[in-house]
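This report refers to the structure that appears directly beneath it.
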Amino acid sequence: MAKPGLDGHDRGIKILARAYRDAGMEVIYLGLRQTPEMIVSAAIQEDADVIALSVLSGAHMTIFSKVKKLMDEEGIENVLLTGGGIIPKEDMQTLSKLGVGKMFGPGTTVDSTIEYIENWVNDNRN
């Protein structure tokens, strides 16, 4: 999990990280101001099942596209790229076409994100 770019609003991602740990997931929170390169490098080093990003700055198209491109260049397959923030539905659809997983916006329940991640991992990693 990471907060890419200059976005400093990290309360939500910290709440999610705690909830995911409580649900039995191993969580590595990279913190604020992470670059796409740092995020992908950490995912490789940690053998991550999921890369989850929180983007509230409006730079979601650039950030998710860059992370996905780096994942493809590094041959990272079978790793879910997901996340959320203030992301218009049209942009969520565009990101989905690029291979980004489900995106979550304001009002999404924590449980629904846990269910999505658990189902994806069970369907794709086991």
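A few remarks follow.
- Pairs with Cβ under 8 Å, 6+ apart, first in the stretch 13-39 and at positive phi, second of a type outside the set (S, T, Y) and surrounded by 12 or more Cβ atoms within 10 Å (Cβ to Cβ): G31/A2; G31/K3; G31/D10; R33/K3; R33/P4; R33/G5
Listed here are the residues, each with its yes/no results for (1) more than 21 Å from D123 (Cβ to Cβ); (2) touching a helix residue (DSSP H, G or I) at 6+ places or on another chain (Cβ under 8 Å); (3) of a type outside the set (V, I, T).
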| residue | (1), (2), (3) |
| --- | --- |
| Y29 | yes, yes, yes |
| V40 | yes, yes, no |
| A52 | no, yes, yes |
| S57 | yes, no, yes |
| H60 | yes, yes, yes |
| E74 | yes, yes, yes |
| G83 | no, yes, yes |
| T94 | yes, yes, no |
| G105 | yes, yes, yes |
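Values quoted throughout were computed directly from the atomic coordinates according to the rules given, and no laboratory measurement underlies them. All values derive from a computational prediction rather than experimental measurement. A quick note on method: Cβ atoms are made from the backbone with ideal geometry, for glycine too, and the neighbour counts reach across all protein chains shown.
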